[in-house]
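The values are calculated or read from the model by the stated rules, or taken from the named source; none is laboratory data. Keep in mind that this is a model prediction, so the values were computed, not measured. We place every Cβ from the backbone using ideal geometry, glycine too, and count neighbours over all the protein chains shown. All accessible areas refer to the heavy atoms of the entire protein, side chains included, with ligands and DNA or RNA removed. Shrake-Rupley method; radii C 1.70, N 1.55, O 1.52, S 1.80 Å.
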Amino acid sequence: MATREFAAHEAHAHTAPQGFIRKWVFSLDHKVIGLQYYFLALTAVIVGMFLSLLMRIHLIWPNITLPLLGDIKPETYLTLVTMHGTIMVFFVLTTAPQGGFGNYFLPIQIGAADMAFPVLNMLSFWVTALAFIVMLGAFFVTGGAPLHGWTGYPPLSAVPSAGPGEGPGADMWVISIALFCIGALMSALNFITTTLDMRAKGMSMMRMPLTCWAWFITAILGLLAFGVLFSAGILLLLDRNAGTSFYVPLTVFSGQIVAHKGGSPLLWQHLFWFFGHPEVYIAILPAMGLCSQLVSVFSRKPIFGYKAMVYAMLSIGLLGFMVWGHHMFMSGMSPYSAFAFSIMTMAIGVPSAIKTFNWLGTLWGGRIRLASPMLFAIGFVSLFVSGGISGPFLAQPTLDIPLHDTAFVTGHFHLIMGVASIFGIFAATYYWFPKMFGRMMNETLARWHFWLTFVGTYCIFMPMHYAGMAGQPRRYSQFTELHYLEKLIPLNTFITFAAFVTIASQLIFIFNLFWSMKAGKKASDNPWEATTLEWTTATPPPHDNFGGHTPVVYNGPYEYGVPGAPRDYVMQTDPTTVAAH
């Protein structure tokens, strides 16, 4: 066993790079690649927030003329919706938790010197970066970016003459998604191989931190889901440019019969949502794993029900592939199919509830330290529960059909998938920043950032549920003239001003991030008194992570409050001298 582990580590070792290009641009070091993913996601989230700001301004003041941008026309609004959703889902929620923090900390947390395939790791980042550049390029081609929504439903997305932006901009959108899928598939293979083959001596699967389990399960989901989306995107490109008819039936656009027949728009919906619902868990599972980590560290207690947490994440991953049809209740599917998808959707709430109660069980009776990472972890639990409660409503076809195209759904998925995952990213940043940069972030600024973001998020997305139940449609660029929605204008004005404050509060985070890199208080090797392997090495970690020696693991990842131990925590590398939990 030791020989196999030694051989595995030696086979993947590589010397520290010397030049700037090899060290910081085309790096093979998983830590540098993790930072590249992180700052790519940071760039993407700034773009995505700006687009959402323009959307909120237009909904309240539809006739306003903006400096440099001019009027926002209805088709421009739909372009903003499309690009905001695409950039946020792919280049932020998928990229930062898995590509950023997963790349940086998975090898360190399992005691490896690097990822299993360093060159593949580098390629996966640069393909993802290229995908982002292509996506932004869609704004600058003839006709502009597409307006078919982030879900890309045909025939609108499949016929270049279907509307403004559905020409070269839509081609670039599809190409960008296909490139992203290639990068994600390479990354998923790397994560799975690293987790299975590169663990240090003593690091059994059931001694891995729950963050590693989350990244591992997320990689499996990505490997299965992104391949389907990639295939769907290739077929869409063929429909658009090669005259095929996978998705386009015999139909009429602008009085013209299209040169297609026999295709099925529902085929795209099935392929897209077979990817799309696991994508929700690709975005949220890393945050779940991190939340489990932080709740244990800052409660000074072992995680409540470690094995139950592992099996719950595995169950969520499995069931996530069985519920895609609940996005399609409006498509006229058989009531029997709808009933099956409804049952499976409610079933997936069970492992989610297990995780939630285990987080509460860990907090109960703990010596809680309300540092900024813990605040964001608790905020994540709050948003996950609040957003999840509306899920069983939408799991019922009879309720989903009237609610589906309303702001109710917008509020639901932003809470549970969007902002909950973002809170996980914030928590990870505040928690691991000392290890990555050797300095602490400013705690006062972090608390201001937390409370403004937390309250602002609820002020934005909770009212959307009420607006949806009152009949406010989503995707409409303008409804200030609609008599039946007149009474909702003050509510939407409130949401827009809440969005202004929440987006502005992110400037606190950005300032804190970059200021702390240069002027933050110097961090010790283990400022949070945590037990996992990243806190046993130098700060920042050396090129091979552990300074020439491979750690040996003796304990589980959450040994806090062990009776008879000299401290209130036992590191994973501490030889067993007292009975662990």
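Counting only residues that are assigned to a helix (DSSP H, G or I), open to solvent by 40 Å² or more (accessible area, probe 1.4 Å) and farther than 29 Å from Gly411 by Cβ, region 29-73 holds 1 of them. Scanning region 354-368 for residues that are modelled with pLDDT of 95 or more and either closer than 17 Å to His412 by Cα or among the basic types (Lys, Arg) (or both) returns a single hit, Lys355. Evaluation of Ile425 against the conditions (1) touching a residue at least 40 places away in the same chain (Cβ under 8 Å); (2) more than 23 Å from Ala519 (Cα to Cα); (3) part of a helix (DSSP H, G or I) shows that the sole unmet condition is (2).
When residues in region 180-205 are screened for being among the aliphatic types (A, V, I, L, M) and either in contact with a Lys or Arg (Cβ under 9 Å, 6 or more places away or on another chain) or under 19 Å from Leu229 (Cβ atoms) (or both), 8 of them pass.
Somewhere in region 164-175, is a residue outside any helix (DSSP H, G or I), under 18 Å from Gly243 (Cβ atoms), modelled with pLDDT under 95 and open to solvent by less than 10 Å² (accessible area, probe 1.4 Å)? Steps first, answer last, please.
Initially, region 164-175 is screened for residues outside any helix (DSSP H, G or I), giving 164-167.
From the residues that got through so far, the ones that are under 18 Å from Gly243 (Cβ atoms) too are 166-167.
Okay, now just the ones that are also modelled with pLDDT under 95, so 166-167.
Cutting the leftovers down to open to solvent by less than 10 Å² (accessible area, probe 1.4 Å) gives us 166.
Yes: one or more hits.
With (1) at pLDDT 95 or above; (2) basic (Lys, Arg); (3) under 23 Å from Gly143 (Cβ atoms) as the list, and Lys31 as the residue in question, which single condition is left unmet? Here Lys31 meets the rest and fails (3). Residues that are over 30 Å from Gly305 (Cα atoms) and open to solvent by 10 Å² or more (accessible area, probe 1.4 Å): does region 198-208 have at least one? No, region 198-208 contains no residue that is over 30 Å from Gly305 (Cα atoms) and open to solvent by 10 Å² or more (accessible area, probe 1.4 Å). Of the residues making up region 395-408, those that are part of a helix (DSSP H, G or I) and open to solvent by less than 20 Å² (accessible area, probe 1.4 Å) are Asp400, Ala407, Phe408.
Out of region 129-139, which residues are aromatic (Phe, Trp, Tyr) and either crowded, with 16+ Cβ neighbours inside 10 Å or at pLDDT below 95 (or both)? Show your work before the answer.
Going through region 129-139, the residues aromatic (Phe, Trp, Tyr) turn out to be 132, 139.
The answer is Phe132, and nothing else.
Taken over region 460-496, the criterion of being more than 17 Å from Ala407 (Cα to Cα) and part of a helix (DSSP H, G or I) is satisfied by His483 alone. For region 520-554, the set of residues classified as touching a residue at least 40 places away in the same chain (Cβ under 8 Å) and either in a helix (DSSP H, G or I) or of a type in the set (Val, Ile, Thr) (or both) consists of Thr531, Thr532, Leu533, Glu534, Trp535, Thr537, Thr539, Thr550, Val552, Val553, listed by residue number. Checked against (1) within 27 Å of Gly520 (Cβ to Cβ); (2) out of contact with any Cys (no Cβ under 8 Å at 6 or more places or on another chain), Ser337 passes all but a single condition, namely (1). Taking (1) over 30 Å from Leu210 (Cα atoms); (2) touching a residue at least 40 places away in the same chain (Cβ under 8 Å) in turn, Val141 satisfies each apart from (2). Quick check, is Leu383 in a loop (DSSP other than H, G, I, E, B) and hydrophobic (A, V, I, L, M, F, W, C)? Judged against the criteria, Leu383 is not a match. Quick one: in region 484-500, of everything that is in contact (Cβ under 8 Å) with a residue 24 or more places away in the chain and under 18 Å from Leu54 (Cβ atoms), which residue is surrounded by the most Cβ atoms within 10 Å (Cβ to Cβ)? The selected residue is Ile495. One residue stands out among those in region 210-256 that are more than 25 Å from Gly320 (Cβ to Cβ) and in a helix (DSSP H, G or I): the one that is least open to solvent (accessible area, probe 1.4 Å), which is Asp239. Looking at Met346, Met333, Met374, can you tell me which residue is farther than 29 Å from Ala427 by Cα and aliphatic (A, V, I, L, M)? Exactly one of Met346, Met333, Met374 is farther than 29 Å from Ala427 by Cα and aliphatic (A, V, I, L, M), namely Met333.
Restricting attention to region 431-449 and to residues that are open to solvent by 10 Å² or more (accessible area, probe 1.4 Å) and assigned to a helix (DSSP H, G or I), the residue that is nearest to Val381 (Cα to Cα) turns out to be Arg447. Within region 78-90, not a single residue is under 24 Å from the mean Cα position of the chain (by Cα), closer than 26 Å to Gly202 by Cα and in a helix (DSSP H, G or I). Out of Ala407, Ala428, Ala395, Ala446, one residue alone is within 20 Å of Ala96 (Cβ to Cβ) and over 19 Å from the mean Cα position of the chain (by Cα). It is Ala446. In region 326-351, the residues that are of a type in the set (Phe, Trp, Tyr) reach residues that are part of a helix (DSSP H, G or I) with C-beta atoms within less than 7 angstrom, at least six apart or across chains, in these pairs: Phe329/Ala338; Phe329/Pro397; Phe329/Asp400; Phe329/Ile401; Phe341/Gly325; Phe341/His326.
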